[in-house]
Amino acid sequence: MATKGSRKNKFPDLRRRGACPARHDDEGLAQPIRRGVTQPDGMDRRCKKGSCFCASPNRTLFAVLTLTALLWSGETLAQIHPLQDTSPTTLTSGGVANAQVGWQFTCNSSSVVVTELGCWWLDSNTNSKTLTLFDESTQAILAQVTTTPATGWIWVSLSSPVSLVNGHDYIVVGFTSTSSYYYNCALTAPSPWMPTGTIQYITERACTSCTATTFPTSVFSQVCQYGVVDIGYTTNLNCGNGTIDSGETCDDGVANGSTDCGCQLTCDYSPAATSCGDSTDDDCTDPDTCDGSGVCEINDEPDGTTCLNDGLFCTGTESCDIGVCTSSGDPCDPFTEFCDEVSSSCILTCGNGTHEGSEQCDDGNQTDGDGCSSNCIVEDGWTCDHEGDAGPDECEEICGDGLVVGDEDCDDGNSISDDGCTDCFVDDGWECDDEEPSECTEGGSDSDSDVDSDSDSDSDSDSDSDNDPLTIDSCACRPTGNSRFGSLIGVILTLID
């Protein structure tokens, strides 16, 4: 028999086990239907424990078969929560008892499948809550669950997932028998309580002095979020199985949604420009962002970019180096100068005869080759000594080190005497080359050899004279004319020679 339903509760017989809301005629009269029978509007209403799951036969069969296959294979469905599991503790608390409170939304996708309902109430840690998903146009109950007391967000999986229709409106509400829930009413919709995108918030919905199965007809003038109640859904029942299926950009299985830029719960990468990684924003780096293909881009300024200039002369210039502001350091020569911040200049110290800073020596000049170089570094082959920091260094050659420096004539790399180079001076009768270390050979000229040479020359001359007493400058002169006179001249020439 036809029963006329009220605006407050169009389905008074819904509480009766096995009863399903019927298709209504133009006069609002409910037409009796048989369980599991396809109606003229193409909907197949299946009832279970007082709840109705209404969908087209094909969609119902697809969803159930797909979910069954996934559950049988042990796969975990990736869930998306429009309210992002945000803590509502900053919202207003209170409310009224025996009320259905929640919100209406539009589904903007053809592949949304609701797989769970959840809530966070003031007293949900001590009291169970009944959560319901309604079809806004037909007022049919599409899913209903009861929570187990717990803290924070409580999620209950649906035994029969609900496929939503693109462009269709739905209502998710929770029933409370106490006046303990969070709500938010404001003229400006605060994020994330007013989600947009695939699930788009429309308005709050509620009813008072009602039951857990009462359709929430009330719409308040303020922009409110009541509950707090939410749905959990996936856009693809295969998303999260670890395999990239048709329509998916990526699928990392249980790792979906675990990184800023990687594969998300929707099996897509985070959009380009999504914040990720280092959020530092200074002279050398900007916040990192996703590139849209799963990579977090490091947005550092180019190396060499001027940064954080402190204006100090002695710290040099500051520039970026791999995202870090780095100083070029003291601009002065560490060996010959010190930095004077007062005059913003480098003051010469090497050559003043005082051992200062990083100087290895200071002999009072800036001359190279005297043991202490022009930049006050001890030169090779020398040793420099100084007493304290006062007075110039005195430098001397290191004899025996194989280096010929300063006043050394040679240096054969040892301290052996009479080997050609003794105390770095060439021994008599020896010759030393210019190599380092010096190589010395015996056989050089000396005074005795010069005397011997002269004696040999005299001997040779005497021998020649014996052969020809009239030899002059190697030229033989024959006497001419009177032989006695010629002999006398020869004797005189011999004596003169």
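The values are calculated or read from the model by the stated rules, or taken from the named source; none is laboratory data. Please read these numbers as outputs of a predicted model, since none were measured by experiment. A quick note on method: Cβ atoms are made from the backbone with ideal geometry, for glycine too, and the neighbour counts reach across all protein chains shown. For the accessible areas, the whole protein counts, side chains as well, though only heavy atoms, and no ligand, DNA or RNA atoms are used. Shrake-Rupley method; radii C 1.70, N 1.55, O 1.52, S 1.80 Å.
Select from region 126-140 the residues that are polar (S, T, N, Q) and under 19 Å from Pro161 (Cα atoms) and write down the one among them that is most open to solvent (accessible area, probe 1.4 Å).
Our first condition is that a residue be polar (S, T, N, Q); within region 126-140, this holds for 126-128, 130, 132, 137-139.
From the residues that got through so far, the ones that are under 19 Å from Pro161 (Cα atoms) too are 130, 132, 138-139.
On the way: Thr130: 30, Thr132: 0, Thr138: 72, Gln139: 16 Å².
It comes out as Thr138.
Would you mention how many residues in region 253-271 are open to solvent by 70 Å² or more (accessible area, probe 1.4 Å) and of a type in the set (D, E, K, R)? It would help to see each step written out before you state the result.
First, the residues of region 253-271 that are open to solvent by 70 Å² or more (accessible area, probe 1.4 Å): 254, 258-260, 269, 271.
Within this subset, residues satisfying the condition of being of a type in the set (D, E, K, R) are 260.
The qualifying residues number 1.
Without any contact (Cβ under 8 Å) to a residue 40 or more places away in the chain and under 18 Å from Pro82 (Cα atoms), is that true of Ile171? Here the answer is no, as Ile171 does not meet what is asked.
Of all residues in region 267-298 being part of a loop (DSSP other than H, G, I, E, B) and among the small types (Gly, Ala, Ser), which is farthest from Asp321 (Cα to Cα)?
In the first step, residues of region 267-298 are kept if they are part of a loop (DSSP other than H, G, I, E, B); the result is 267-268, 270-274, 276-284, 291-295.
Cutting the leftovers down to among the small types (Gly, Ala, Ser) gives us 270, 272-273, 277, 279, 292-294.
On the way: Ser270: 29, Ala272: 26, Ala273: 24, Gly277: 19, Ser279: 18, Gly292: 27, Ser293: 27, Gly294: 26 Å.
In this case the residue turns out to be Ser270.
Against the conditions (1) closer than 13 Å to Val114 by Cα; (2) of a type in the set (A, V, I, L, M, F, W, C); (3) free of Cβ contacts under 8 Å to residues at least 60 places away in the same chain, Val162 satisfies every one except (3).
Sub-6 Å Cβ pairs linking a first residue in region 239-258 that is within 20 Å of Cys276 (Cβ to Cβ) to a second residue that is at pLDDT below 80 and loosely packed, with under 14 Cβ neighbours inside 10 Å, at least 6 apart or interchain, number zero.
Checking each residue in region 88-118 for being of a type in the set (Val, Ile, Thr) and either open to solvent by less than 20 Å² (accessible area, probe 1.4 Å) or assigned to a strand (DSSP E or B) (or both) picks out Thr92, Val101, Thr106, Val112, Val113, Val114, Thr115. Listed by first and then second residue, the pairs linking a residue in region 192-204 that is without any contact (Cβ under 8 Å) to a residue 40 or more places away in the chain to a residue that is hydrophobic (A, V, I, L, M, F, W, C) and not in a loop (DSSP other than H, G, I, E, B), with Cβ atoms under 8 Å apart and 6 or more places separating them unless they lie on different chains, are Met194/Val223.
State whether the residues of region 303-312 include one that is surrounded by 15 or more Cβ atoms within 10 Å (Cβ to Cβ) and either out of contact with any Cys (no Cβ under 6 Å at 6 or more places or on another chain) or in a strand (DSSP E or B) (or both). No. Does Trp121 meet the test of being over 18 Å from Gln104 (Cα atoms), aromatic (Phe, Trp, Tyr) and at pLDDT 90 or above? So Trp121 does not fit the description; no.
Any residue at all in region 267-284 that is at pLDDT below 90, more than 17 Å from the chain's Cα centre (by Cα) and small (Gly, Ala, Ser)? Yes, there is a match, as at least one residue in region 267-284 is at pLDDT below 90, more than 17 Å from the chain's Cα centre (by Cα) and small (Gly, Ala, Ser).
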